[in-house]
1. Say the cut-off is 27 Å between C-alpha atoms; which of K26/K147; K339/K374; K324/K374 go over it?
2. Skip the ligands, DNA and RNA, and give the accessible area per residue of the range 186-383 with a 1.4 Å probe, whole Å².
3. In whole percent, how big is the carbon plus sulfur part of the accessible area of the chain, probe 1.4 Å, protein atoms only?
4. Seen from all sides and averaged, what is the projected area of the convex hull of the Cα atoms in the range 55-99, in nm²?
5. I'd like the Karplus ³J(HN,Hα) series for the range 149-160: coefficients 6.51, -1.76, 1.60, θ = phi - 60°, whole numbers in Hz, and an x wherever there's a Gly or Pro.
6. Taking amide H positions as placed 1.01 Å from N in the peptide plane, with prolines and chain starts having none, which residues 5 or more places from K11, or on another chain, fall under 5 Å of its amide H?
7. Identify which of R221, R309, R84 has the largest mean-square fluctuation in a Gaussian network model of the chain, with springs joining Cα atoms closer than 10 Å.
8. Which three lengths, in whole Å and largest first, does the range 233-355 cover when its Cα atoms are put on their principal axes?
Amino acid sequence: MNPFVYYAPTKICFGKGQISHLSELKESGSRALLVYGGGSIKRQGIYDEAVRILTEAGITITELSGIEPNPRVESVRRGIALCREHRIEMVLGIGGGSVIDAAKAIAGGACYDGDVWDLVMDHSLIRAALPIYAVVTMAATGSEMNKNAVISDLGLRVKKSMGSDLLKPRLSICDPVYTFSVPEKQTAAGTADIMSHAFENYFSMIDDFDLSARFGEAVIRCCIRYGPVALREPDNYEARANLMWASTNAINGITKAGMEVGWSCHPMEHELSAFYDITHGVGLAILTPRWMEYVLNDKTVRKFADYGRKVWDLTGTEDLAVAKEAIDKTASFFFDTLKLPRTLRDVGIGEENFEAMAEHCAPRLADAFVPLTKEDAVQIYRNCLS
Ligand code: NZQ
Ligand code: ZN
């Protein structure tokens with residue numbers, strides 16, 4: 001077990017009607033920047049409700065709309081300019097992970113004299129941030145309770161996470177009802193993303209910290225149970241609530257405590273999004289089973305067999321057979337049950353940029369569960385072609 005610091009300053013207000021807690025923003029002042037995406041929050045009535053509560057609490061709102069999935073640094077810069085122009089005291093993101101990440105980057109950038117891209121490239125420069133608040137509208141990234149903001153400069157073909165405890169939201173509203181309207185594709189991609197966060201921490205050589213591993217398995221099992229229900233019955237509260245809480249807990253430090261390892265699929269996926277602007281969870285679903293096959297070896301077989309027995313209830317006694325069956329089950333869940341694209345070709349990606357993408361992500365793969373080189377990354381991308 002590794003030593004760890006677990007720091008969770010975010011107040012989570014979970015369940016139906018918890019948006020009333022937005023009145024608590026007044027503790028941070030009276031001028032808020034409201035950040036949102038392409039309009040889903042208007043169609044669902046969340047926007048009107050939020051504006052009403054904030055106005056009644058005496059908060060003046062400045063708006064930044066149009067945050068893109070895979071949020072761009074250009075949008076973040078626009079938000080920072082608004083913060084300066086309107087002397088903004090807090091930033092509220094209402095939407096999916098992209099919106100919340102943009103809100104976090106704006107909050108950090110507003111307190112920094114240089115260009116916000118410096119903060120993306122060097123987290124140590126984040127020394128202050130405006131208070132951050134979130135209303136999350138889809139279950140996927142867990143951004144509502146973690147320190148990360150993933151920002152893209154598509155011109156540079158760089159998508160990178162800026163991470164700091166200063167970027168942890170003060171308060172996040174998680175109302176599962178808001179996720180009833182999440183389209184099928186995003187529900188499936190979000191479920192794959194939640195599972196991947198749990199996998200990244202679970203597949204660790206550390207095997208003496210039972211509790212964190214069991215938390216991870218619980219998150220994965222929850223996705224396997226409720227992902228398909230949410231697809232079949234989008235307004236099933238039980239399914240949406242369980243996915244939402246799994247999403248928050250997959251990446252708030254709970255499944256990682258004591259297990260600290262470098263991640264594998266996320267660095268490789270961020271290259272796919274940076275080069276091709278694809279949906280994050282889709283890229284992860286394509287990569288994960290191929291990565292699992294690639295890193296299955298004499299040293300890792302026990303861990304994969306453990307995964308098969310504890311998550312998929314496999315009963316075989318031979319570790320290698322159980323490990324392989326568990327990987328097949330994972331692939332079948334993503335591609336047959338969640339109906340996510342199976343190959344890179346299915347999302348329009350060929351091998352033209354594999355070398356460049358692998359070159360970018362290789363440094364982050366050096367301390368992964370199974371350390372990977374640039375050549376390994378190229379091979380995994382290749383294996384995802386068919
Ligand atoms: O823009 P709007 O109109 O809001 O529509 C969004 C968007 O088109 C829509 N949507 C969200 N909630 C909805 C809804 N549509 C109907 N009803 C609702 N209730 O869904 C689309 C995708 O939204 P987005 O925010 O992009 O999805 P997600 O939450 O998956 O966020 C993905 C981004 O987060 C990053 C990803 O890389 C990607 O950039 N990540 C952030 C992490 C973090 N902060 O910790 C960790 C993750 O690993 C991930 O990298
Ligand atoms: Zn993710």
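1. K339/K374
2. Result: 38 Å² per residue.
3. After summing per-atom areas, the C and S share lands at 50 percent.
4. 3.5
5. 9, 9, 10, 10, 10, 5, x, 7, 6, 10, 10, 8
6. L171, S172
7. R84
8. Rounded to whole Å, the extents work out to 42, 40, 32 Å.
The values are calculated or read from the model by the stated rules, or taken from the named source; none is laboratory data. Not measured: the values here are computed from a predicted model. Note that each Cβ is placed from the backbone with ideal geometry, even for glycine, and that neighbours are counted across all protein chains shown. We work out accessible area using only protein heavy atoms, side chains counted, and drop any ligands, DNA or RNA first. Shrake-Rupley method; radii C 1.70, N 1.55, O 1.52, S 1.80 Å.
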